[in-house]
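To start, the structure itself, in structure tokens.
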Amino acid sequence: MPLVRIDLHAATTDAFRATVGDVIYDAMRATLNVPEDDRFQVFHQHSSSELMLDPTYLGIARSEACLVIQVTLSTGRTVAMKQAFYKAVADGLHQRLDLRREDVFISLVEVAKENWSFGNGIAQYVDPA
């Protein structure tokens, strides 16, 4: 169960955000073995002064259109799976929204399965009651 947080500029449209969400979900399904209907995404829009993303770190020329994707997911994916996910998201956003690949910043946060509760005060992955 990945939980995806997407931080982006306030000037984006509902359609833009919906497409970003679709691209990320499709990439998770294709590369990270995420099951169908396992889609939990939270969008946060920010003014330019609230997104301070270095425009040249590691030699990557980022623009103000840069968006930040943070995915919290259970441990267990290989490095190759993660690399395929990064590429699928950057390529998908470029193809569908003409977003520059340089403007796609992704961070994965891995947690143990006991760190999830989907409701009812139960850790469903360890206590399916």
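The values are calculated or read from the model by the stated rules, or taken from the named source; none is laboratory data. From a predicted model like this one, the values you see are computed outputs, not experimental measurements. Here Cβ is always computed from backbone atoms with ideal geometry, including for glycine, and neighbour counts include all displayed protein chains.
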In region 99-127, residue nearest to the chain's Cα centre (by Cα) [restricted to those that are β-branched (Val, Ile, Thr), more than 18 Å from ARG17 (Cα to Cα) and at pLDDT 90 or above]:
VAL109
Could you tell me which numbered condition ARG77 fails, if it satisfies all but one of (1) within 23 Å of GLN124 (Cβ to Cβ); (2) in a helix (DSSP H, G or I)?
(2)
Return only the number of the condition from (1) farther than 19 Å from ARG17 by Cβ; (2) out of contact with any Asp or Glu (no Cβ under 9 Å at 6 or more places or on another chain) that GLN95 does not satisfy.
(1)
Six or more apart or on different chains, Cβ atoms under 8 Å: show the pairs whose first residue is in region 45-74 and closer than 23 Å to ALA27 by Cβ and whose second is surrounded by fewer than 11 Cβ atoms within 10 Å (Cβ to Cβ).
ARG62/ASP54; ARG62/THR56; VAL68/SER107; ILE69/SER107; GLN70/SER107; VAL71/SER107
For region 93-129, enumerate the residues that are in a loop (DSSP other than H, G, I, E, B), free of Cβ contacts under 8 Å to residues at least 12 places away in the same chain, surrounded by 11 or more Cβ atoms within 10 Å (Cβ to Cβ) and aliphatic (A, V, I, L, M).
ALA123
Can you tell which of ALA65, ALA30, ALA84 is surrounded by fewer than 16 Cβ atoms within 10 Å (Cβ to Cβ) and not hydroxyl-bearing (Ser, Thr, Tyr)?
ALA30
Tell me whether region 2-15 contains one or more residues that are over 12 Å from the mean Cα position of the chain (by Cα) and assigned to a helix (DSSP H, G or I).
yes
Return yes or no: is ALA18 in contact with a helix residue (DSSP H, G or I) (Cβ under 9 Å, 6 or more places away or on another chain), modelled with pLDDT of 95 or more and either of a type in the set (Gly, Ala, Ser) or not in a strand (DSSP E or B) (or both)?
no
Can you tell me which residues in region 1-39 are in contact with an Asp or Glu (Cβ under 7 Å, 6 or more places away or on another chain) and among the aliphatic types (A, V, I, L, M)?
MET1
